[in-house]
Amino acid sequence: MKVLLSWLKDFVDIDVSVEQLADTLTKNGLEVGEIQSVGEDFVLDIEITPNRPDCLSIVGVARECAIGLSKRFTPPRLIFLPKISSAYLKETKFGVTIGAQEACLRYIGRVLLDVEIAPSPDFIKERLEKIGLRSINNVVDITNYILIETGQPMHAFDYDKIEGKQIIVRFAKEGEQIISLDETQRQLSKQDLVIADIKRPIALAGIMGGYDTEVTSKTRNVVLESAFFHPQTIRKAAQRHALTTEASYRFERGVDFPTVDTASVYAVDLISKYASRSSNKTTVIIDKTVDVIIKQVALSSKVVLKYEDVEKVLGIMPSVFWIRKLIKNLGCEIMSVSKESLKIQAPSTRSDLKINIDYIEEIARFYGYDKIPSQGLPELMVEKEPVLKNFSEKDFENQAKDVFIKTGLREVITYALLSEDEIEELKIKNTLPLKNPLAKSYSVLRPVIFPSLLKVAKYNFNRGVYDLAIFELGKVYSSINSEPCERKVAGILLSGKKYQDCFGNEIEYNFYDLKFAVETLLSYFKISDYSIKEAKQMFFSNSCSAEISVSNEKSALIGKVSGKIKTYYDLKRDIYIGEIYLDTIKKGMKNVIRHQKITQYPFIDRDFSLLLPKAVSAGEIIEHIQGKNDLICAVDIIDVYEGKQIPLDMKSITIRIRFQSDEKTLKDVEVDRICEGVKETLVKELPCQIRK
Amino acid sequence: MNITDIQNIFTEAEEKISQASDSNELDEIKHFYLGRKGKMAQVIKQIPELPEEKRPLAGKESNIIKGKIQSLLSDRTQQLKTGQEKTQKIDTSLPAVKRTLGGRHPITIVIDDICKIFEHIGFTLVEGPEIETDYYNFKALNIPEGHPARDNFATFYLPKDNMLLRSQTSPVQIRIMKDVEPPLRILSPGKVFRPDNLDASHSFMFHQIEGLVVDKKTNFTHLKASLSYFVKNFFGRDVTMRFRPHYFPFTEPSAEVDIACIICGGEGCSVCSRTGWLEILGAGMVHPNVLKEVGIEESIFQGYAFGLGIERIAMLKYGITDIRMFFNNDMRFLKQFS
């Protein structure tokens, strides 16, 4: 809210600089943003938190200033309706009906006759203009002036343009329209509260008046509206019409029930003074006042504030005398006093003061957060830590990240939302679309992590960065039995060169680098019980994709991105991509590490080559060798060859078997005997032959 | 034979050694002079035949010459070796081999830094789901129906009733308080979502860290101490900070914490909107309604909570002016942080 310094001075004697005032207000909870100087005056831009509608007024802010600066607060003077001789009364026709009683708790309509529409007096015009409001004419300006000063929005209608001279507060009917003061035609909905006459809506209640009944230079008689509208109703309507006004802003936060009347009387007073057409030019004729009260807004209930509670929450105890003074300065009434407590009644303007803690906050605010010491970090409650550890995923996650980073992968963080179009392309069912997406391109929670990573690749390729090794730890989302679910995964993407030097050596990422990253993670977490098999997945090219299972549970999918997906994302390079389901890894991990003795006896290696059909996988061969003899401690594939000297549908695989004992030095003859045995079984069990 | 003969042998050897061009030649020279039947051996053999008064001098001289030849030989060997290295000199200015390097995302770095600081003072890291219910995200946090935060333009909703993407990390507080008896001291980083259109300072997905302490005597002075500890450790001992009253539905009294603008030092600039201060976190004493809701006896226990936005902190720390940089994942950007 924009607040003019000189206006505040109507209610409080400010004798400090504007900067000091701003500092005080900020320290007490009304944060002052920019201070703008206008002539010799200043405008303070104050952020009013939603719990303080009372401070959406000069009077409210002035009260805060007074307390903060320890100055006397001068309340607005009481104004009484001017007495008017009966000779003037014309028994004007006018009535108010509240149809929508849940949305309008009070409506005061006052008919003022013989007003003279003219420019505003200078002090009103200047004050409004300094805070950025446009001066229109005396009557309209007076309503705006009072809105700023008291926080109560008001509206003036041209009485003569109201059909049937009846004000009806009701919800709009289907198909009704209104042209608002900003000369915009608005389609109304059944949830829009309107002020209507007997024929049509003449104002969007609490937001903006209608163009047809606007006060113009020709207006002679006005209806002055002051009301209490239900905050929610106004907020929803303002949203629907994308129209926030000074009035709607205050109604949304709630206006003060008694001020509905006092502000109206204040307006009558000012209009009498500055917009009268009557012979003596001092008063207007108030012809009729209709005050319809549907329901009084109750005062907050009385609160017993115990001093010990103040100390318990704040850790400090201001003097009782100071507390009592503060409570009074807030506008509260102290109903009774005891040694340990105060019984307090909050004023109607402070509907936020409902319970004990609300008063403790007021005490803290004005005592000064800066003056409350910062002391004694709370003691450690060590015994609780193990219980909480069960909730913690962070350690595990951090370790996984470390593993990926050590294998050369860089972390990315991507948006967890995809477009509907992508979901359609990926043909994934049971996804979770948002009910209220911002844009089509971010409307469905990602069911897999690949698309996010592919978009990172695209972004970088477009900027000439082609060598990528990235990972993301994030969630994927789906609907399982119509329950929304989330699952933590790690995504990996590799593309381009992994090694290059200036001697012409270059190595591109391939499938086995991806497999390396996954296996490194598995081995880091001591998971040995896993298997790898070919997998068919639409994201992957048929010739290059695998599924890794830990304890027979699907734990990772890895492969080369299929041509179809590459075309869809407009990617022209080879990309390898993987998704690891971290929950399965966490389940399979071995926490307990037992040291194994390192044998002191040397190993012996034996290499031999096999000729076998291409369809037989290396994995099968290894499976057939491992465990055949206790002295076999490792089986490695050291060469795969296809081409010259090898028949077309065959391949040659060179195997290295390592033999080692932890009891003795092995002899060549012994190892040769075992190796021959292995070869014999291989030839027997697999369609292969030993190459000489 | 006399002393001069011995010295002549040395002169001769010296010349030969200096002319030798490889180690084979040096080996031959060594053999010729110092070998078992070499020249020096022959000289030494002849010493007993000399007149008695000349014998000591000749012996001494022979030994010195032997030593000198030996050291000449090893010097020349060294010389030749160095010479060989010279011919194989490499161009050290050629580029190093290129390999992609791993590293953490700047958001992760900042989260880790913050967590470490709080872990030092006894906070335990916990986690909560990103898909939340209306209850945990709002109701239990004293945010009633009809509150603006619940609007369609402030929270993303899922098709299933009452399900949403959390708009803050605060629901984790509720989950922990409902599951674990106080005393509690937790910290919870994570992703949150709000329907804000993407621009330089808004993102529909960002990160927060939530902290919560609940104990019998935890009061406002402890809140100030913990947060001061954090600010001093994260932004530096010398940073000026202030606690300013604010409003949050789930805490009371509530505070916002500002630090003196690290760009302009408090003078006022565009980053701090000319106020000289940067708001970095929100905090407060847990509202009694929240404690009541989770079944913690609010007359016995009280606590404080705080929350901060990671992107904002990271932007301040690294001088980043566009929040979208974090999610574009431009390698040229990411490489600058680790």
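Restricting the stretch B:252-272 to residues that are within 12 Å of chain A (Cβ to nearest Cβ) and in contact with a helix residue (DSSP H, G or I) (Cβ under 8 Å, 6 or more places away or on another chain) leaves a set whose member that is nearest to B:Arg312 (Cα to Cα) is B:Val257.
Is there a residue being under 29 Å from A:Gly376 (Cα atoms), touching a residue at least 40 places away in the same chain (Cβ under 8 Å), at the interface with chain A (Cβ under 7 Å from one of its Cβ atoms) and surrounded by fewer than 22 Cβ atoms within 10 Å (Cβ to Cβ) anywhere in the stretch B:142-165? There is no residue in the stretch B:142-165 that is under 29 Å from A:Gly376 (Cα atoms), touching a residue at least 40 places away in the same chain (Cβ under 8 Å), at the interface with chain A (Cβ under 7 Å from one of its Cβ atoms) and surrounded by fewer than 22 Cβ atoms within 10 Å (Cβ to Cβ).
When you check A:Lys27 against the structure, is it closer than 15 Å to A:Leu128 by Cα, within 27 Å of the chain's Cα centre (by Cα) and not aliphatic (A, V, I, L, M), yes or no? No, not satisfied. For the stretch A:559-644, the helices (runs of 4 or more DSSP H) that sit wholly inside it and include 1 or more residues that are farther than 26 Å from A:Leu494 by Cα and touching a strand residue (DSSP E or B) at 6+ places or on another chain (Cβ under 8 Å) are A:582-588, A:618-625.
With the checklist (1) facing chain B (nearest Cβ under 9 Å); (2) touching a residue at least 60 places away in the same chain (Cβ under 8 Å); (3) buried (at least 22 other Cβ atoms within 10 Å of the Cβ) in hand, flag the one item A:Leu445 doesn't pass. Just one mismatch for A:Leu445, condition (2).
Screening the stretch B:281-330 for residues that are surrounded by fewer than 18 Cβ atoms within 10 Å (Cβ to Cβ) and among the basic types (Lys, Arg) and picking the one that is farthest from B:Gly265 (Cα to Cα) gives B:Lys292. When B:Glu85 is tested against the conditions (1) surrounded by 11 or more Cβ atoms within 10 Å (Cβ to Cβ); (2) modelled with pLDDT under 85; (3) closer than 30 Å to A:Glu506 by Cα, the lone failure is (1). Contact map, the stretch A:411-437: first residue within 14 Å of chain B (Cβ to nearest Cβ), second residue basic (Lys, Arg) and surrounded by 15 or more Cβ atoms within 10 Å (Cβ to Cβ), Cβ cut-off under 6 Å, separation 6 or more or different chains; pairs are A:Glu411/B:Arg104; A:Ala416/A:Arg446; A:Leu418/A:Arg446. Within the stretch B:285-301, the set of residues being on the phi < 0 side of the Ramachandran plot and either touching a residue at least 40 places away in the same chain (Cβ under 8 Å) or among the aromatic types (Phe, Trp, Tyr) (or both) comprises B:Met285, B:Val286, B:His287, B:Asn289, B:Val290, B:Leu291, B:Glu293, B:Val294, B:Ile296, B:Ile300, B:Phe301. Inspection of the stretch A:337-356 identifies at least one residue that is part of a helix (DSSP H, G or I), facing another protein chain (nearest Cβ under 9 Å) and surrounded by 14 or more Cβ atoms within 10 Å (Cβ to Cβ). One residue stands out among those in the stretch A:13-30 that are farther than 23 Å from A:Asp358 by Cβ and surrounded by 20 or more Cβ atoms within 10 Å (Cβ to Cβ): the one that is nearest to the other protein chains (Cβ to nearest Cβ), which is A:Ala22. Is it the case that the stretch B:132-139 has a residue that's more than 13 Å from chain A (Cβ to nearest Cβ) and not in a helix (DSSP H, G or I)? Yes, there is a match, as at least one residue in the stretch B:132-139 is more than 13 Å from chain A (Cβ to nearest Cβ) and not in a helix (DSSP H, G or I). The criterion of being in the same structural domain as A:Ser478 (by TED's automatic domain parsing) and within 21 Å of A:Lys533 (Cα to Cα) holds for A:Lys554.
Residue check: is A:Tyr477 in the same structural domain as A:Tyr581 (by TED's automatic domain parsing) and farther than 30 Å from A:Ser419 by Cα? No.
In the list A:Val476, A:Val518, which residue meets the criterion of being out of contact with any helix residue (DSSP H, G or I) (no Cβ under 9 Å at 6 or more places or on another chain), among the β-branched types (Val, Ile, Thr), closer than 23 Å to A:Ile637 by Cβ and crowded, with 20+ Cβ neighbours inside 10 Å? From the options A:Val476, A:Val518, the qualifying one is A:Val518. A search for C-beta distances below 6 Å between a residue of the stretch A:267-286 that is within 17 Å of A:Ser226 (Cβ to Cβ) and any residue that is small (Gly, Ala, Ser) and at pLDDT below 85, counting only pairs 6+ apart in sequence or on different chains, returns A:Val284/A:Ser276. I need the full set of residues from the stretch A:487-515 which are within 14 Å of another protein chain (Cβ to nearest Cβ), crowded, with 17+ Cβ neighbours inside 10 Å and of a type outside the set (Gly, Ala, Ser), in order please. The answer is A:Lys488, A:Val489, A:Ile492, A:Leu493, A:Leu494, A:Lys498, A:Gln500, A:Tyr509, A:Asp513, A:Leu514.
Where strands (runs of 3 or more DSSP E) sit wholly within the stretch B:222-320, none has at least 2 residues that are at pLDDT below 95, of a type outside the set (Val, Ile, Thr) and more than 29 Å from B:Pro148 (Cβ to Cβ).
Kindly evaluate B:Ser62 against the criterion of being within 24 Å of B:Thr82 (Cβ to Cβ) and of a type in the set (Gly, Ala, Ser). In short, no.
Considering the stretch B:189-221, the residues that are over 21 Å from B:Ala154 (Cβ atoms) and assigned to a strand (DSSP E or B) include one that is nearest to the chain's Cα centre (by Cα), namely B:Pro189. Identification of helices (runs of 4 or more DSSP H) wholly contained in the stretch B:1-92 with 1 or more residues that are within 30 Å of A:Asp501 (Cβ to Cβ) and basic (Lys, Arg) yields B:55-87.
Residue by residue, here is whether (1) within 11 Å of chain A (Cβ to nearest Cβ); (2) buried (at least 23 other Cβ atoms within 10 Å of the Cβ) holds:
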residue	(1), (2)
B:Thr169	no, yes
B:Val172	yes, yes
B:Met177	no, yes
B:Val180	yes, no
B:Leu184	yes, yes
B:Lys191	yes, no
B:Arg194	yes, no
B:His202	yes, no
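A:Ala118 meets each of the listed conditions (1) among the aliphatic types (A, V, I, L, M); (2) at pLDDT below 95; (3) assigned to a strand (DSSP E or B) apart from (3).
Being touching a strand residue (DSSP E or B) at 6+ places or on another chain (Cβ under 9 Å), assigned by TED's automatic domain parsing to the domain that holds A:Gly254, surrounded by fewer than 20 Cβ atoms within 10 Å (Cβ to Cβ) and modelled with pLDDT of 95 or more is a description that applies to A:Lys130.
If I ask for residues that are under 26 Å from B:Leu223 (Cα atoms), within 7 Å of chain A (Cβ to nearest Cβ) and touching a Leu at 6+ places or on another chain (Cβ under 8 Å), which ones from the stretch B:88-131 would you list? Those that are under 26 Å from B:Leu223 (Cα atoms), within 7 Å of chain A (Cβ to nearest Cβ) and touching a Leu at 6+ places or on another chain (Cβ under 8 Å): B:Ile121, B:Gly122, B:Thr124, B:Leu125, B:Val126.
The values are calculated or read from the model by the stated rules, or taken from the named source; none is laboratory data. Keep in mind that what you see is a predicted model, and the values were worked out from it rather than measured. Neighbour counts run over all protein chains shown; Cβ positions are idealised from the backbone, glycine included.
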